[in-house]
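Here's the structure we're looking at; comments come further down.
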Amino acid sequence: MQSLTFGLYIQTTKFLSQVLSISLYLSLKSHSLTTTMASPTCSASDLSSLLSSTAANSNATAAAAEFLCGQFNNINNKLTATTYAVDSTYLLFSAYLVFAMQLGFAMLCAGSVRAKNTMNIMLTNVLDAAAGGLSYYLFGFAFAFGSPSNGFIGRHFFGLKSFPTPTADYSFFLYQWAFAIAAAGITSGSIAERTQFVAYLLYSSFLTAFVYPVVSHWFWSPDGWASPTRPGNDLLFGSGAIDFAGSGVVHMVGGIAGLWGAFIEGPRLGRFDRSGRSVALRGHSASLVVLGSFLLWFGWYGFNPGSFLQILKSYGDGMDGRSYYGQWSAVGRTAVTTTLAGSTAALTTLFGKRLLVGHWNVIDVCNGLLGGFAAITSGCSVVEPWAAIVCGFVAAWVLIGFNKLAERLRYDDPLEAAQLHGGCGAWGLIFTGLFATREYVAEVYSGGPADRPYGLFMGGGGGLLAAQAVQVLVVAGWVTATMGPLFYGLNKLRLLRICMDDEMAGLDLTRHGGFAYVYHDEDPSIRPNYHSQFMMRKIEPTLSYTNTTTDDDDNNNNRPSSTANINV
């Protein structure tokens with residue numbers, strides 16, 4: 001009886017040992033899936049050696065191993081599909097947020113221009129998305145991410161041919177398209193209120209099809225000559241330029257393109273008097289500006305955190321007690337740095353402008369807010385939250401300084417787009433070279449050299465700062481070399497600026513068939529017949545009224561008598 005019990009004990013011990021070995025084997029395989037995103041495989045021969053070492057029951061052992069491996073592979077396939085589904089959904093949701101920024105741009109632009117040009121600027125925002133969609137589909141995405149390619153430009157996936165690939169799906173295309181049209185939308189603000197519609201169509205298509213994609217290839221494609229994800233150790237200054245979400249790729253491209261468009265066109269009529277002094281041509285709706293700013297703020301949570309492209313990725317090995325920490329944590333940190341930079345810039349602008357001009361201006365605060373966002377976009381994923389406050393503080397003064405310089409040079413940008421996106425975007429690149437941390441750079445850009453440079457002020461040397469300075473120079477040079485001649489050629493062909501009479505009357509009336517709404521902010525002596533036909537008259541009654549009612553009065557809701565002051 002004792003020998004039977006002892007034999008049962010031995011068999012049970014062997015079985016439990018085998019189960020433990022199999023569990024450990026499968027656990028290690030599953031862990032490799034979550035840490036490396038690879039697809040682990042289960043080998044029946046590996047399990048057979050764990051189940052038994054005798055030849056007597058080899059057939060049963062092989063069958064058991066085959067069954068267990070089959071079950072494990074099914075689970076593995078489900079986990080892999082779930083991982084792709086979660087990451088794709090995350091990227092799609094981020095793309096929707098970035099696309100919603102177009103609504104923010106539209107509201108911001110509409111509120112920043114005079115009422116007589118509202119329909120025109122709204123139509124250009126729609127055009128940016130529509131024309132950009134076709135041009136980026138046909139050419140832009142291929143030039144940006146058509147891998148394999150050289151360091152300058154992509155050469156595959158024209159019209160999404162042979163797409164998707166194991167490394168990129170349709171959600172990635174949609175996300176990158178939303179970025180491309182954002183760059184085009186920035187430019188439209190600089191040349192608002194005086195540009196022919198055909199010029200909008202041409203520059204928007206050219207920018208999204210060629211100019212912007214080449215820049216994004218340089219810094220975001222693994223094949224790009226300055227990309228921080230370039231394979232091997234062939235990195236610019238041992239680091240590559242870190243422009244995580246596009247302070248340079250998106251904001252500088254759009255801002256500098258707008259700079260050249262506005263410079264070649266010249267200022268709007270009445271923007272500067274004969275002595276060269278600045279004359280404010282205020283937008284007609286601060287409410288729309290605030291609404292647009294909040295929509296852009298909301299969309300920036302897809303712009304910056306969404307640039308991780310995936311969320312289901314662990315940074316540790318799970319053995320250090322930090323299984324709670326992964327890319328999802330970096331996504332949250334990026335949203336925090338984005339918020340802090342924008343908030344700091346808004347408050348700095350509020351008090352800075354109060355000291356300079358003596359009043360609180362909501363338009364300036366909104367522009368300062370957006371300037372902080374544009375600056376932090378480069379380093380949002382690789383800096384500490386406290387550094388984001390520094391970024392926003394400096395960005396506000398960069399914007400104020402560039403606006404002062406623009407006035408001195410008689411440069412007219414209705415939305416301050418060149419100063420905001422170009423100037424603050426350039427500062428954001430330099431900021432990243434100063435404050436990027438070693439830990440975060442290693443996490444976000446894993447797989448690179450162990451001694452990769454990081455922020456100069458954080459002890460990482462000057463390699464990253466040098467790469468950032470190179471990006472500022474090459475982006476400015478590339479956009480100047482491409483968009484400058486385009487605007488110059490359009491101007492020579494008389495396709496850029498509208499005529500003086502049309503500009504004075506307003507683009508809505510002369511080019512779009514009527515005003516956006518019944519509103520008036522122009523001198524009534526200008527084309528009075530148009531004003532009487534399309535605009536409601538604002539009535540300021542005096543103390544006396546008449547009670548006489550006529551048929552005409554009935555049709556006009558008992559208009560006051562001739563003793564009322566009627567202003568058109």
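The values are calculated or read from the model by the stated rules, or taken from the named source; none is laboratory data. From a predicted model like this one, the values you see are computed outputs, not experimental measurements. So basically every Cβ, Gly included, is an ideal-geometry build from the backbone, and we count neighbours across all protein chains shown. Accessible surface is based on the protein model in full, side chains and every heavy atom, while ligands, DNA and RNA are left aside. Shrake-Rupley method; radii C 1.70, N 1.55, O 1.52, S 1.80 Å.
Looking across segment 455-472 at every residue that is assigned to a loop (DSSP other than H, G, I, E, B) and over 13 Å from residue 429 (Cα atoms), the one that is least open to solvent (accessible area, probe 1.4 Å) is identified as 460. Among the residues making up segment 261-298, those that are in contact with a Phe, Trp or Tyr (Cβ under 8 Å, 6 or more places away or on another chain) and open to solvent by less than 40 Å² (accessible area, probe 1.4 Å) are 261, 262, 264, 265, 284, 292, 296.
Look at (1) of a type in the set (Gly, Ala, Ser); (2) buried (at least 17 other Cβ atoms within 10 Å of the Cβ); (3) part of a helix (DSSP H, G or I) and you find that residue 516 fails only one, number (3).
For segment 422-434, a residue qualifies if it is in contact (Cβ under 8 Å) with a residue 40 or more places away in the chain and either aliphatic (A, V, I, L, M) or open to solvent by 30 Å² or more (accessible area, probe 1.4 Å) (or both), and the qualifying residues are 426, 427, 429, 430.
Against the conditions (1) over 22 Å from residue 183 (Cα atoms); (2) assigned to a helix (DSSP H, G or I); (3) open to solvent by 40 Å² or more (accessible area, probe 1.4 Å), residue 363 satisfies every one except (1). Got at least one residue in segment 441-452 being in contact with a helix residue (DSSP H, G or I) (Cβ under 8 Å, 6 or more places away or on another chain), in contact (Cβ under 8 Å) with a residue 12 or more places away in the chain and among the aromatic types (Phe, Trp, Tyr)? So far as segment 441-452 goes, no, none of its residues is in contact with a helix residue (DSSP H, G or I) (Cβ under 8 Å, 6 or more places away or on another chain), in contact (Cβ under 8 Å) with a residue 12 or more places away in the chain and among the aromatic types (Phe, Trp, Tyr). Applying the set (1) open to solvent by less than 40 Å² (accessible area, probe 1.4 Å); (2) within 28 Å of residue 230 (Cβ to Cβ) to residue 128 leaves exactly one unmet item: (2).
Of 355, 420, 415, all but one fail to be among the aliphatic types (A, V, I, L, M) and at pLDDT 95 or above; the exception is 420. Residues that are hydrophobic (A, V, I, L, M, F, W, C) and surrounded by fewer than 20 Cβ atoms within 10 Å (Cβ to Cβ) within segment 435-454 comprise 442, 450, listed in sequence order.
Screening the candidates 147, 112 for the property of being closer than 28 Å to residue 83 by Cα and small (Gly, Ala, Ser) yields one hit, 147. Among the residues making up segment 249-260, those that are in contact with a Phe, Trp or Tyr (Cβ under 7 Å, 6 or more places away or on another chain) and either more than 20 Å from residue 409 (Cβ to Cβ) or of a type in the set (Ser, Thr, Tyr) (or both) are 249, 250, 253. Filtered by the rule that a residue be assigned to a helix (DSSP H, G or I), open to solvent by 10 Å² or more (accessible area, probe 1.4 Å) and not polar (S, T, N, Q), segment 367-390 gives 369, 385, 386, 389, 390. Of all residues in segment 382-400, those that are closer than 19 Å to residue 242 by Cβ have Cβ atoms under 7 Å from Cβ atoms of residues that are open to solvent by 50 Å² or more (accessible area, probe 1.4 Å), 6 or more apart or on another chain, in 385/336; 385/340; 388/340; 392/340.
Give just the number: which of (1) farther than 20 Å from residue 413 by Cα; (2) open to solvent by less than 60 Å² (accessible area, probe 1.4 Å) does residue 113 not satisfy? Failed condition: (1).
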